[in-house]
Amino acid sequence: MLCQYVRQFGQKLVHRRPLEPIEESESPTAHLNILDLVVLGVGRSLGSGVYVLIGFIAKLIAGPSVIICFLVDSLSSVLFGLCYAELGARIPHVDSMYLHSYVIMGQLCAFVIGWNLILSLFVGTACVAKAWSIAFDSLTGNHISQALEGTFSPYMPSALGTFPNFVVLGPLLLITGVLVLGVPVSAWIIKVFTSLNILIPIFMIISGFIKGDLLNWQLTEQDYKNTSGSSDIYRTGGLGPLGSGGFVPFGFEGILHGAAIFFRSYFGFSVIVTKGREARNPQRSVPLSMVISIFICFLAYSGVSVALTLMVPYYQIHHYNPLPQAFFHVGWAPAGYVMAVVFLCALLYSLLRAMFVLSRLICAMADDGLLFRGLGWIHAGTHSPIIAILASGTLAAIVALPFELRDIVEFTLIGIMLAYTLVAFSVLVLRYQADQNFSKNKKTEEETEMGPVTEESPSGSIPEARMSNFLKSLWFPGSTIPTWKSGQIVYGCAFLLVLLLIILSLVLAQWPIQVFSGDSVLTTVAVLLLLLITGVMVIIWRQPQDPSPLYFKVPALPVLPLVSIFVNIYLMMQITSGAWVQFGIWNAIGFVIYLGYGIRHSLAGNDEPQRPASNSQT
């Protein structure tokens, strides 16, 4: 009885959501070229939200070397994008990372990815709302914040901000109302705000060439000691010294920490994967347009960083409202006010887009029964998921109202990095599995479940012979196409590789100087880990790959997904312990919901077709 219960429980965890095969008439028309895909990718990725973090990272974490942070993120985004493109090719009519994981990897993986994407989206929404309130307050001469601080500061706990920022409720209520009422966002509004997101970096870069000073990249520690501190109330608090000067005042650790915080800057390029099936030549268009769009975004973000750090010494940058304040610093007050107004409008659009995606993701998970089904209720008149929208706005307000921006910005990072890691892991193991049919096909599922039986040895086999055959199959597979046995070998090796990469990343993150300086113990450990990783990777490489044709496949398997996994894990190690504690609490809450509600109310084992959460882009 207990074994049967455990077996059923395990089947629910790995249950994959079946999809109805699309009709030929529903197949998209191939009409997009590389330029079309690049425009889509840049339009979705070049959001104004990242400009909020540039000042924070430049002032307190990386200094002028914030430019290198974007370079690191660009490279890691290319690796993830190529992996995500193959998932999109396997299920081309699904446009959500959550749905991809549900169809390919199963229910538990889908819940983990969806739950952590919710975390990333609502905290990101809170950050944008917080930045909007600070930019708006700067237009009033900081009178609102000064009044709130004088009233509430004596009563605020030390773990929270210096005052509750009620201004953040304004944009959140406005966008929540727009989404609840189902107000259509016309194409020209999208074009206007997309143009603003493009004009902001262009104007900032030109201003940096005019008013920038290269001496601001050669500052010393004595320079900021001789400079009076900022008089605004968004001060640094107890964040420690402001670096040692020069272009890299916080060292290599500052660059890695800043790269971790900027990690999701390019996430919007996933729209290229969604639209890739509509490209005329997806094998060439998808990877090329992805690389080009990421490169354009890198030029924009790094250009803004160059201009900002040349216009203002990094330790004098307003860490929560950097761009408008930079113009005030160089004496361009009219430009500062114009930039503040444009910045407010661009942030509102970013807030609208973030809350729209968040509400659709919550609604999709509620429809699947992984979250409370009431969250998926859609109003018959406006066709809006009202409960999900209200939940999104409430979550963002709870975080943005009492906390400082610096206290919540890292909270969002671990979840998105974990999702990226799971995507790369999925690509790694799926390529080596037997041909899988993700459509609604009961027979295929039953045959897959019976696969292990056909691989079992006769009951009279000698254990030593079985072990010998197993070891031989690691290097000399008995088939040129994937089998259940070779697939299980890859699964085991992949999990072992992730464990080894975690240990290696931990060693490199905690003792980097000792490892590279030749410490006998730590250097030996790192070398042994690299040798083990290489050996296990070769075993995976020797296994047969799925020959099924796809419009795009990740090149250089298994190296490229493993490099992506390593980069993600290593950047995760740069996150502070406090953020890890918050992340653990969030996921503990999630597993309570999943084990107490989701696993019993989900459609595991139900063959009824489910409607896709289209346009979620998560």
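Residue pairs whose Cβ atoms lie under 6 Å apart, separated by 6 or more positions or on different chains, with the first residue in region 1-21 and on the phi < 0 side of the Ramachandran plot and the second loosely packed, with under 14 Cβ neighbours inside 10 Å and at pLDDT below 75, are L19/S439; E20/P609; P21/S439. Here is the figure for region 564-595: residues that are within 20 Å of A259 (Cα to Cα) and surrounded by fewer than 16 Cβ atoms within 10 Å (Cβ to Cβ) total 4.
The residues of region 363-397 that are in a loop (DSSP other than H, G, I, E, B) and under 25 Å from the mean Cα position of the chain (by Cα), listed by number, are D368, G369, L370, L371, F372, P385.
For region 185-219, filtered to residues that are polar (S, T, N, Q) and either modelled with pLDDT of 90 or more or surrounded by fewer than 12 Cβ atoms within 10 Å (Cβ to Cβ) (or both), the residue that is nearest to V50 (Cα to Cα) is S207.
Once region 507-525 is narrowed to residues that are open to solvent by 70 Å² or more (accessible area, probe 1.4 Å) and hydrophobic (A, V, I, L, M, F, W, C), the residue that is nearest to G251 (Cα to Cα) is I513. In region 41-62, the residues that are charged (D, E, K, R) form Cβ pairs under 7 Å with partners that are open to solvent by 10 Å² or more (accessible area, probe 1.4 Å) and modelled with pLDDT of 80 or more, at six or more places apart or across chains, as follows: K59/Y315.
Let's see how each residue does on (1) modelled with pLDDT of 90 or more; (2) open to solvent by 20 Å² or more (accessible area, probe 1.4 Å); (3) more than 16 Å from S48 (Cα to Cα); (4) among the small types (G, A, S):
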{"residue": "V306", "(1), (2), (3), (4)": "yes, yes, yes, no"}
{"residue": "M311", "(1), (2), (3), (4)": "yes, no, yes, no"}
{"residue": "H318", "(1), (2), (3), (4)": "no, yes, yes, no"}
{"residue": "H329", "(1), (2), (3), (4)": "no, yes, yes, no"}
{"residue": "M339", "(1), (2), (3), (4)": "no, no, no, no"}
{"residue": "A346", "(1), (2), (3), (4)": "no, no, no, yes"}
{"residue": "A366", "(1), (2), (3), (4)": "yes, no, yes, yes"}
{"residue": "H379", "(1), (2), (3), (4)": "no, yes, yes, no"}
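K130 falls short on exactly one of the conditions (1) modelled with pLDDT of 80 or more; (2) under 24 Å from the mean Cα position of the chain (by Cα); (3) open to solvent by 30 Å² or more (accessible area, probe 1.4 Å); (4) of a type outside the set (A, V, I, L, M, F, W, C), and that condition is (3).
In the set R353, R360, only one residue is under 22 Å from G114 (Cβ atoms), open to solvent by 10 Å² or more (accessible area, probe 1.4 Å) and out of contact with any Gly (no Cβ under 9 Å at 6 or more places or on another chain); that residue is R360.
The values are calculated or read from the model by the stated rules, or taken from the named source; none is laboratory data. Just so it is clear, the model here is predicted, and its values are computed rather than measured. Note that we place each Cβ from the backbone using ideal geometry, even for glycine, and neighbour counts take in every protein chain shown. Areas reflect the complete protein model, heavy atoms only, side chains present, ligands, DNA and RNA absent. Shrake-Rupley method; radii C 1.70, N 1.55, O 1.52, S 1.80 Å.
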